[in-house]
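Structure record follows, encoded as structure tokens.
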């Protein structure tokens, strides 16, 4: 599932929300620990041509908004760790999404 994660950041004493161009966009490759207090989800995206992963707590007050862009049709696994070794072309063919 492709998503945009918008989070609050605190540079010093101020609190601000990331601008539209500064959202982290990527593919959700894992969700862990169900809906309990320590639940997290892992998002993999590309930043400046380099693959990058971020782990977000689900119940974090720092997460402002999560937008679902698209969801792939062919996913048959709950953890998509195999995506780390694929190129964008192979990923698009296998899952039907692009990073």
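The values are calculated or read from the model by the stated rules, or taken from the named source; none is laboratory data. Predicted model, so just to flag it, every value in this text is computed and none were measured. Here the Cβ is made from the backbone with ideal geometry for all residues, glycine too, and neighbour counts use every protein chain on show.
Quick one: in the range 35-58, which of the residues that are modelled with pLDDT of 90 or more and surrounded by fewer than 12 Cβ atoms within 10 Å (Cβ to Cβ) is farthest from residue 96 (Cα to Cα)?
The selected residue is 37.
Does the range 10-34 hold any residues that are at pLDDT below 75 and assigned to a strand (DSSP E or B), and which are they?
16, 17
Filter the range 47-59 down to the residues that are touching a residue at least 40 places away in the same chain (Cβ under 8 Å) and more than 12 Å from residue 26 (Cβ to Cβ) and list them by number.
Residues satisfying the conditions do not exist here.
Output yes when any residue across the range 22-31 is on the phi > 0 side of the Ramachandran plot and loosely packed, with under 14 Cβ neighbours inside 10 Å, and no when none is.
The answer is no; no qualifying residue exists.
How many residues does the range 59-70 hold that are touching a strand residue (DSSP E or B) at 6+ places or on another chain (Cβ under 6 Å) and exposed (fewer than 11 other Cβ atoms within 10 Å of the Cβ)?
Count: 1.
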